[in-house]
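To start, the structure under review is shown below, and the notes come after it.
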Amino acid sequence: MADNLKFQLLFKDRIGIVFDIARLMSEQSINIVAMEVEQIEGFAKISIEIEVEDQFFDKDALITLFATLPGLESYTEVRSLPQEKREQWFRTLFDGMSEGVMSVDASGTINTVNSVACRLLGEVYENIIGQHISELSPKDSILLDCIRKKIPVSRRKWALTNTGRVEFYGSAKPIHDSQGRFVGAVLLMKNLKEVKEMVDAVSTPLEVTFLDFIGQSPVIKNLITFAKKISDTTTTVSITGESGTGKELFAKAIHFESGRKGPFIPINCAALPEQLIESELFGYVDGAFTGARKRGKPGLFEAATDGTIFLDEIGDMPPGPQAKILRVLQDGLVRRIGGFEEIPVNARVITATNKDLKSMVQENRFREDLYYRINVLTIQIPPPQRETDGYSPSCKKFPATF
């Protein structure tokens with residue numbers, strides 16, 4: 001059977017164009033498969049599909065018939081009608097979605113499905129369309145529950161495909177027409193592996209660079225210039241300043257600028273009890289204390305290998321951990337609680353405090369040797385009162401993102 005013919009006819013707009021075309025085709029026993037009308041600035045564009053029953057159909061004779069229609073300006077043979085183009089675009093868009101989508105009518109017959117849903121269910125598009133939802137795996141269908149109860153239904157599901165078992169999260173909602181009548185339901189499916197990847201991506205902290213700072217004062221510009229220069233060194237950096245001046249943001253920017261491949265790991269020394277801070281920083285071996293995890297646990301210094309560990313509020317650290325941190329800074333080694341092995345670590349250390357550590361040293365509340373070890377490179381962030389000089393501790397990335 002020959003392919004149908006499709007044309008676009010352009011008329012000066014008038015009443016009765018469609019009637020004239022339909023009458024002319026009827027008189028010649030020519031079947032119209034589809035016809036669309038679009039009005040454009042005084043013209044009528046008619047898109048028409050003509051059924052071709054055999055290969056001997058006379059296309060030239062058909063064009064001659066078109067020429068007899070009053071007001072015809074031009075004709076063009078086309079490959080697709082506008083509706084077909086819209087359907088093709090819809091299908092491309094539909095299949096390009098990251099979620100699987102499937103819809104059913106009120107009786108449960110599948111009328112729409114995209115390629116992602118086919119892949120999750122291990123089915124072929126042609127085998128799904130027109131089937132009742134109960135014929136598909138899994139049998140306890142979310143969509144079936146939705147059309148029976150006419151309420152939203154969501155849960156974790158799995159399907160057995162040719163490539164193995166696939167787990168997904170499905171969420172179905174009922175569909176109502178403009179009069180509020182129930183006409184079907186739609187299901188969104190998301191591969192649980194992709195859900196986990198999304199959660200991990202969202203959980204990853206935003207990177208902060210010096211370009212994100214909005215301070216314009218000479219003081220803050222000089223601090224940023226200095227921080228950039230020292231970022232690619234391995235030397236310990238001490239950041240001081242009042243609470244709320246952006247010390248952690250500065251530390252993150254230094255880490256980003258350094259190009260270190262490891263993570264940025266912050267720890268608030270004031271927030272951890274003394275009995276926990278050593279196990280968090282240095283880790284422990286199996287059986288080190290009651291409740292210790294089997295096979296032990298690495299500390300944050302180990303976790304920050306090839307990255308940066310940020311010791312915030314170091315002035316609140318108890319004397320015991322201070323001595324161990326001094327040893328890490330001197331030798332680059334840690335020993336887990338309860339263990340004997342010396343473990344090498346390669347983590348850049350940045351400290352921060354809002355306290356006067358020099359006075360604390362004089363009062364014997366902070367180790368003098370640790371004080372000099374961490375104060376090799378110092379960044380003093382100006383207090384909030386100096387925002388009148390054009391400095392704001394905020395980062396432009398965060399307001400722009402949220």
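One table, with the values for the structure above:
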{"quantity": "Which numbered condition Thr76 fails, given (1) part of a helix (DSSP H, G or I); (2) touching a residue at least 40 places away in the same chain (Cβ under 8 Å); (3) within 53 Å of the chain's Cα centre (by Cα); (4) farther than 26 Å from Ile129 by Cα", "calculated": "(1)"}
{"quantity": "Residue tally, condition closer than 17 Å to Ile63 by Cβ and among the small types (Gly, Ala, Ser), over the range 1-28", "calculated": "1"}
{"quantity": "Residue pairs meeting the criteria (Cβ under 7 Å; at least 6 apart or on separate chains; first free of Cβ contacts under 8 Å to residues at least 60 places away in the same chain, in the range 172-186; second of a type in the set (D, E, K, R))", "calculated": "Pro174/Lys150"}
{"quantity": "Which numbered condition Thr163 misses (of (1) within 23 Å of the chain's Cα centre (by Cα); (2) modelled with pLDDT under 90)", "calculated": "(1)"}
{"quantity": "Scope the range 110-127; condition surrounded by 15 or more Cβ atoms within 10 Å (Cβ to Cβ) and within 16 Å of Ala185 (Cα to Cα); matching residues", "calculated": "Ile110, Thr112, Val113, Asn114, Ala117"}
{"quantity": "So Leu272, is it crowded, with 16+ Cβ neighbours inside 10 Å, touching a residue at least 40 places away in the same chain (Cβ under 8 Å), out of contact with any strand residue (DSSP E or B) (no Cβ under 8 Å at 6 or more places or on another chain) and of a type in the set (A, V, I, L, M, F, W, C)", "calculated": "no"}
{"quantity": "Within the range 311-332, tally of residues that are touching a residue at least 60 places away in the same chain (Cβ under 8 Å) and within 38 Å of the chain's Cα centre (by Cα)", "calculated": "2"}
{"quantity": "Number of the exception - Val52 against (1) in a loop (DSSP other than H, G, I, E, B); (2) β-branched (Val, Ile, Thr); (3) exposed (fewer than 10 other Cβ atoms within 10 Å of the Cβ)", "calculated": "(3)"}
{"quantity": "Lone unmet requirement of (1) surrounded by fewer than 17 Cβ atoms within 10 Å (Cβ to Cβ); (2) within 26 Å of Val183 (Cβ to Cβ) for Thr64", "calculated": "(2)"}
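The values are calculated or read from the model by the stated rules, or taken from the named source; none is laboratory data. Source: prediction; values computed, not measured. Backbone-built Cβ (ideal geometry, glycine too); neighbour counts: all protein chains shown.
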